[in-house]
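Here is the structure we will look at, set down as structure tokens.
The values are calculated or read from the model by the stated rules, or taken from the named source; none is laboratory data. Just so we're clear, the structure is a prediction, and the values are computed from it rather than from any experiment. Heads up, the Cβs are rebuilt from the backbone with ideal geometry, glycines too, and the neighbour counts pull from every protein chain shown.
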Amino acid sequence: MTQAPSPVSSRRHAIGRDDIMPMDEYGRIRAERRRALVAVKRDRRLAVGPYATFHFESYETMWSQVHEMLFIERGGEAQVEDELRAYNPLIPKGRELVATVMFEIDDPLRRKALLGQLGGVENTLWLEFAGEKVRGLPEADLDRTSAAGKASSVQFVHFPFADAQVALFRQPNTRVVVGVDHDQYPHMTVMPEAVRAALAGDFD
């Protein structure tokens with residue numbers, strides 16, 4: 001029987017076919033796993049400005065996402081491979097952080113207007129700490145800004161680190177600033193220490 005991921009397995013870099021639980025087994029632990037994931041995600045989430053939220057991904061968050069998609073859609077074996085291809089790239093590979101960045105506005109007209117001004121925002125995300133600046137690289141699966149200049153409300157971004165930057169980021173109480181320098185959304189925020197400490201565990 002495939003087991004749900006433990007804190008140790010959360011440092012793995014890819015979900016394999018053998019990591020997928022049968023859906024009847026997953027159904028029996030689903031409520032418990034979803035409750036546990038709330039606490040995990042709390043220390044991996046950061047609001048930047050009024051509308052953007054950075055959700056820093058991990059093996060555990062992607063394991064849960066894949067299982068939720070399989071459980072809800074019931075697409076069988078063919079869907080398993082599709083989900084692994086979609087979500088494995090979002091698991092940090094040992095020298096990076098990976099974030100799903102969501103621009104959330106309840107009013108659809110205001111949301112459309114904002115996204116229409118945010119073309120290229122995926123290239124303007126960064127982390128700064130201890131005199132270092134790590135710029136985000138958008139996931140290369142598809143364009144996140146349309147030909148008309150409209151940004152997607154969901155962006156997938158990698159933050160690649162050099163070894164020396166990993167060592168600096170791991171230092172307790174290191175001040176980390178997360179920011180966006182798009183001219184229509186110039187915002188930044190200081191990462192809480194609990195979030196920094198959780199993300200430090202993503203590095204090998």
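Assorted remarks:
- Hey, LEU84 outside any loop (DSSP other than H, G, I, E, B), buried (at least 17 other Cβ atoms within 10 Å of the Cβ) and aliphatic (A, V, I, L, M) or not: yes
- Of the residues making up region 124-148, those that are out of contact with any Asp or Glu (no Cβ under 7 Å at 6 or more places or on another chain), at pLDDT 95 or above, outside any strand (DSSP E or B) and buried (at least 16 other Cβ atoms within 10 Å of the Cβ) number 1.
- You will find that of VAL166, VAL154, VAL134, the residue that is free of Cβ contacts under 8 Å to residues at least 60 places away in the same chain and within 29 Å of ASP19 (Cα to Cα) is VAL154 and no other.
- Selection status of ALA164, over 30 Å from ASP107 (Cβ atoms), out of contact with any helix residue (DSSP H, G or I) (no Cβ under 6 Å at 6 or more places or on another chain) and in a loop (DSSP other than H, G, I, E, B): no
- Per-region count, region 14-69, residues charged (D, E, K, R) and closer than 25 Å to GLU96 by Cβ: 11
- Among the residues of region 20-34, those identified as in contact (Cβ under 8 Å) with a residue 40 or more places away in the chain, in a helix (DSSP H, G or I) and surrounded by 13 or more Cβ atoms within 10 Å (Cβ to Cβ) are MET23, TYR26, ARG30.
- Of all the listed residues (THR53, THR61), the sole one being under 20 Å from VAL154 (Cα atoms), surrounded by fewer than 18 Cβ atoms within 10 Å (Cβ to Cβ) and of a type in the set (Ser, Thr, Tyr) is THR53.
- Summed over region 111-124, residues that are touching a Phe, Trp or Tyr at 6+ places or on another chain (Cβ under 9 Å) and not aliphatic (A, V, I, L, M) total 4.
- Taking region 51-78 as the range and being touching a residue at least 24 places away in the same chain (Cβ under 8 Å) and not in a helix (DSSP H, G or I) as the test, the residues that pass are TYR51, ALA52, THR53, PHE54, HIS55, PHE56, GLU57, SER58, ARG74.
- Residues that are part of a helix (DSSP H, G or I) and either over 16 Å from the mean Cα position of the chain (by Cα) or of a type outside the set (D, E, K, R) (or both) within region 91-123 comprise PRO108, LEU109, ARG110, ARG111, LYS112, ALA113, LEU114, LEU115, GLY116, GLN117, VAL121, ASN123, listed in sequence order.
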